[in-house]
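Asker: This is the structure, below, for whatever I ask next.
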Amino acid sequence: MPETTDATRQLGDYQLGRIVAEGSRTITYEADQISVRRKVLLERVKPEQLGDEGAVEAFLRDVRAKAELDYPVIASVYEAVRGEDAVFFVREKPPGRSLAELVEAEECLEPRQVLQLLVRLGEACAYLSEHHVRTEGLQPRDLYFEEPDVLRMDNMVVAGSVNVSARRRDREMISTLLGKLVAEGQPGATRTWRLLELLTGEDPPNWPSVAHTAGKLAHDLADSSREGWRTAPALVEESRGLSPRVMVLAGLIILLAIAAVGGAYFLGGRGSSVARPLGQMVEITGGKVFGADGEAQLLPSFWIDAHEVTVAEYGAFLKALEVIAEDQRHAYNHELQPEGKEGHVPADWEALQAAIEDGGKWEGLVVGQNCPVVNVDWWDAFAYANWRGGRLPTQAEWFAAAEGATPEGSGWGAVDFSEVDRTLGGVMGLAGNATEWISDSALNPAFPMNQKGPVSCGASYLQPKNGSLARLWHADREARRADLGIRVVRDTAP
């Protein structure tokens, strides 16, 4: 399809407008589709690149990847054209103004609006992650806002495998960009900034957790606005914008990397140990497995934490709950959680944090942010896993993950300290530090006439007997022990 004269700047049915982006091989225009009178974005291979067959084929591979995506928030591909004189494709131009334009104009949005945008972004990013979709680095011009709180994204999909470093930069950009849009002095501003700061850690919460938390906070702000209720201390706190305390915390995260796992700030601000990014998960291939009692079961593939959940990671969960209004903090709870249970702070949590901060010992143990969280009951474990966008493993899944694990129990330490207590696939700590809650109840073979009861799997530093084959039955789901912790599974890749 030949291009007409430069004066008309027309490609077939498309009248070209201003340039919105230009790379080494392509150029993107705003354009008008003449026949249907609609605004579009048109991206073409530069004329001087048309003789490079490799460049043209790479461009078309990316176009095919974009066209395969079907997600309502992300712009659709309308058509692609490969002619002798022009190679281009046309995609939807999202309505509204780009967030780059809003920031440049120094406009601000209500905290509730920013939180709703974060919900949409979180859901879209979660979709891309779960479907292993590769995207170009996100730019402020790629996000569009339309009143009152509608977010659309340009189609940034490209062919190839996921670029993890690009995903990390996307989080940082989203945190910075949305942070600039929050109107200071309005109810919810401080909590919104704090939530955005969670995105900038070395191992931040996953996108489903971010979207869920943002949605709960937005709902709380909407309810408060309708009721016309705000406490005086809350108004004073939020009118300060980024308070000195928050700024100091942010500075510590950036400059010292103290307590940065999960992208949160943990109790015990100074900390005697630096939290490492330990959020890796290992894929367990589905198939027939044999449980602890010898029964065979067919399991689909799943992903399991490579390490036990750490003090630092659980601290991120507690900090995220603080962002949510008090009456919304039940969002991650099991539907049958007892009404009398308040919160999810582990037993003796303050003493543990004090020991970490002072470099001392807790229960005679050297402790740090990378040690496993313990003293959590089943309801705590469920809520944490739910917040992570996962769940607790079933007994069958736990033993499937333990295949090839050491039969010998291991002692206490950081969750990644042992060179022995690991499977060939890279799952560590199944024979210690802590025994771990599972989702389902099980019969105790020592008491076959009893009903099924809550159970944890794996040995611990207190009970190393039987190693990875160990099981421990508990009186009820409220049980807490100094050697009882958590591991999370997911049905899809993280």
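Read-outs throughout are calculated quantities, based only on the coordinates presented, and are distinct from any laboratory measurement. Computed from a predicted structure; not experimentally measured. Virtual Cβ from ideal backbone geometry, glycine too; neighbours counted across all protein chains shown.
Asker: In sequence order, what are the phi-derived ³J(HN,Hα) couplings for the range 26-38 according to the Karplus relation 6.51 cos²θ - 1.76 cosθ + 1.60 with θ = phi - 60°, rounded to whole Hz, with x for glycine and proline?
Answerer: My calculation for the range 26-38 gives 9, 9, 10, 10, 6, 8, 10, 7, 5, 5, 10, 6, 9 Hz in order.
Asker: What stretch of the chain, leaving out the sites themselves, is the longest with no trypsin sites (Lys or Arg not before Pro) in a DSSP loop having at most 12 other Cβ atoms within 10 Å?
Answerer: Counting at most 12 other Cβ atoms within 10 Å as exposed, the longest clean stretch of the chain is 38-269.
Asker: Turning to a different aspect of this structure: Please compute, over every Cα-Cα pair in the range 281-490, the percentage with a separation greater than 26 angstrom.
Answerer: So the pairs more than 26 Å apart make up 31 percent of the total in the range 281-490.
Asker: Counting Lys +1, Arg +1, Asp -1, Glu -1, what net charge surrounds G287 among other residues with beta carbon under 14 Å of its beta carbon?
Answerer: Counting the neighbours of G287, the net charge comes to -2.
Asker: Then there's this: Which value in Å does the Kirkwood hydrodynamic radius of the range 372-494 take, with 1/r averaged over all unlike C-alpha pairs and then inverted?
Answerer: Roughly 14.3 Å, rounded to one decimal.
Asker: Ok, one more. List L69, L117 from most exposed to least, where exposure is judged by having the fewest other Cβ atoms within 10 Å.
Answerer: Ascending number of Cβ neighbours within 10 Å: L69, L117.
Asker: Still on this structure, please answer the following. R481's amide H: which non-local residues (gap 5+, or another chain) put their own amide H closer than 5 Å, with H modeled 1.01 Å from N in plane and none for Pro or chain starts?
Answerer: Correct list: N375, V376.
Asker: Of the options L278, L42, I356, report the single residue whose Cα projects farthest towards the positive end of the charge dipole of the chain (beta-carbon charges: Lys, Arg +1; Asp, Glu -1).
Answerer: I356
Asker: Could you list the GluC sites (Glu not before Pro) in the range 302-409 that lie in coil according to DSSP, counting only those with at most 11 other Cβ atoms within 10 Å of their Cβ?
Answerer: Counting only loop positions with at most 11 other Cβ atoms within 10 Å, the GluC sites (Glu not before Pro) in the range 302-409 are E335, E339, E342.
Asker: Calculate how many DSSP beta bridges within the chain are antiparallel, expressed in % of all such bridges and rounded to the nearest 5.
Answerer: Restricted to the chain, the bridges split so that about 90 percent are antiparallel.
Asker: For the chain, what is the charge dipole size about the Cα centre, in debye to the nearest 20, if Lys and Arg each add +1 at the Cβ and Asp and Glu each add -1 at the Cβ?
Answerer: With only Lys, Arg, Asp and Glu charged at Cβ, the dipole is about 120 debye.
Asker: What area, in nm² and to one decimal, does the C-alpha convex hull of the range 97-241 cast on average over all directions?
Answerer: Result: a mean projected hull area of 8.6 nm².
Asker: Per-residue ellipticity at 222 nm for the chain, helices alone: DSSP H runs ≥ 4 residues times -39500 (n - 2.57), over residue total, nearest 500 deg cm²/dmol?
Answerer: -9500 deg cm²/dmol
Asker: Using only alpha-carbon positions, what ratio does the radius of gyration of the range 1-128 give when scaled by 2.2 N^0.38 Å?
Answerer: The reported ratio for this selection is 1.21.
Asker: Return the sequence-ordered ³J(HN,Hα) values of the range 402-419 in whole Hz as given by the Karplus equation 6.51 cos²θ - 1.76 cosθ + 1.60 applied to θ = phi - 60°, using x for Gly and Pro.
Answerer: Going residue by residue, I get 7, 4, x, 6, 5, x, 8, x, 10, x, 9, x, 4, 5, 10, 7, 8, 8 Hz, with x marking Gly and Pro.
Asker: Assign one of three labels to the chain, namely rounded, prolate or oblate, based on the Cα gyration tensor with a ≥ b ≥ c the square roots of its eigenvalues; rounded applies when a/c is under 1.5, prolate when it is not and a/b is larger than b/c, and oblate otherwise.
Answerer: Prolate, since a/c reaches 1.5 and a/b exceeds b/c.
Asker: Through the Karplus equation 6.51 cos²θ - 1.76 cosθ + 1.60, θ set to phi - 60°, convert the phi angles of the range 307-314 into ³J(HN,Hα) values in whole Hz; use x for Gly and Pro.
Answerer: Working through the residues one at a time gives 10, 4, 4, 8, 4, 5, 5, 5 Hz.
Asker: A follow-up question, please. Considering only C-alpha atoms, what is the centroid distance from the range 438-493 to the range 14-78, in Å?
Answerer: Cα centroid of the range 438-493 versus Cα centroid of the range 14-78: 55 Å apart.
Asker: A further question on this structure: So if I place +1 on the C-beta of Lys and Arg and -1 on the C-beta of Asp and Glu, and nothing else carries charge, what would the dipole magnitude of the range 36-108 be about its Cα centre? I want it in debye, nearest 20.
Answerer: Rounded to the nearest 20 debye, it is 360 debye.
Asker: In which sequence would T285, T135 go, from the one with the fewest C-beta neighbours within 10 Å to the one with the most?
Answerer: Fewest to most other Cβ atoms nearby, the residues stand as T285, T135.
Asker: Show me the GluC sites (Glu not before Pro) within the range 50-134 that DSSP assigns to loop and that have at most 13 other Cβ atoms within 10 Å of their Cβ.
Answerer: In loop regions of the range 50-134 (DSSP not H, G, I, E or B), the sparsely surrounded GluC sites (Glu not before Pro) are E84, E106.
Asker: Now for a different question. Starting from the Cα gyration tensor of the range 345-417, take the square roots of the eigenvalues, sort them a ≥ b ≥ c, and report rounded, prolate or oblate (rounded when a/c is under 1.5, otherwise prolate if a/b is larger than b/c, else oblate).
Answerer: Taking the square roots of the gyration eigenvalues as a ≥ b ≥ c, the range 345-417 is oblate.
Asker: Give the residue from P407, V376, F417 lying farthest towards the positive end of the charge dipole for the range 353-417; charges sit on Cβ (+1 for Lys and Arg, -1 for Asp and Glu) and the dipole is referred to the Cα centre.
Answerer: Result: V376, furthest along the dipole toward the positive end.
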